[in-house]
Amino acid sequence: MLVETFPVGLLQCNCVVLGDPASGEAIVVDPGDEPARVQQVLREHGLRCRAILITHTHIDHVGAIAELKDATGAKLMLHRADVPLYDMLGVQASWLGGMLEAPERAAVDEHLEHGDRVKAGALEAETLHTPGHTPGSLCFHFAAAEPLLIAGDTLFAGSVGRTDLPGGDFEQELASIRDRLLTLDDRTRVIAGHGPETTIGRERRRNPFLQEL
């Protein structure tokens, strides 16, 4: 499995391209901005994007969806509970004082639920519903020889996602992490929505927000 992560946009959201070299099929998670760059990464590896997965619909995670979807024909998939946030991108832009313009809203092709699996070639992502940062926050688990979790803004290296924006719930977020992330193997590599990578084991031992869980 090819995994390429790179920060995009003003708020440096981590966009993740996952590819199956054998089939040439790919999944893109959180194309938050810079659609040309995302497409360039796909071209460099000879990949065709089959699915666009969204961990949550805050404006910095969805900015390149429309252009990428138009260019690739990939299906856009997110959780139904985050549709209201996705429908108010203009309001979200106002929260940032005009630093970001509201992006075009692309049509959602499929609403993901906890336990759903998304496949592209030999890639298979298990959907974990982890509400708290937003009502429809999702993480995506790849149970490969070297397990991988794409955590969005639910879990960070040394921290957890903010819950002071509309729809946020701190206690719910901690419950999501306890029940759905800390059950994973300590070896699991974690790519967060922003910042550096970590592992489940490292966060279990060192993350100050998780010591009481």
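The numbers here are math on the coordinates, done by the rules we state, and not lab data. Everything quoted here is computed from the prediction, not taken from an experiment. Note: ideal-geometry Cβ built from the backbone for every residue, glycine included; neighbour counts use all protein chains shown.
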Antiparallel DSSP beta bridges within the range 1-109, as percent of all bridges there, nearest 5
60
The range 2-210 - share of DSSP beta bridges that are antiparallel (%, nearest 5)
65
Using the Kirkwood formula over every pair of different C-alpha atoms, what hydrodynamic radius in Å results for the range 1-124?
14.5
Scalar couplings 3J(HN,Hα) for the range 117-128 by Karplus 6.51 cos²θ - 1.76 cosθ + 1.60 (θ = phi - 60°), nearest whole Hz, x for Gly and Pro, are 10, 10, 10, 8, x, 7, 6, 9, 9, 8, 7, 10
Could you pull the Rg and Dmax for the chain, using just the Cα atoms, both in Å?
15.9, 46
Please arrange LEU78, LEU85 by counting, for each residue, the other beta carbons lying within 10 Å of its beta carbon, fewest first.
LEU85, LEU78
What's the magnitude of the charge dipole for the range 2-210 around its Cα centre, counting Lys and Arg as +1 and Asp and Glu as -1 at the beta-carbon? Answer in Debye, nearest 20.
420
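Gain in length, ALA143 to TRP95, computed as 0.36 nm per residue apart minus the alpha-carbon separation, to one decimal in nm? It would help to have the intermediate numbers written out before the result.
Numbers: separation 48, 0.36 × 48 = 17.28 nm, distance 3.68 nm.
Residue separation times 0.36 nm, minus the Cα-Cα distance, leaves 13.6 nm.
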Taking GLU146, GLU104 and counting other beta carbon atoms within 10 angstrom, the fewest-first order is GLU146, GLU104
At 1.306 mPa s and 10 °C, Stokes diffusion of the range 139-213 via Kirkwood alpha-carbon radius, µm² per second:
129
Out of SER159, MET88, PRO131, whose Cα points farthest toward the positive end of the dipole of the chain (charges: +1 Lys, Arg; -1 Asp, Glu; placed on Cβ)?
SER159
Total formal charge among the other residues, if their Cβ is under 11 angstrom from that of GLY161, Lys/Arg +1 and Asp/Glu -1:
-3
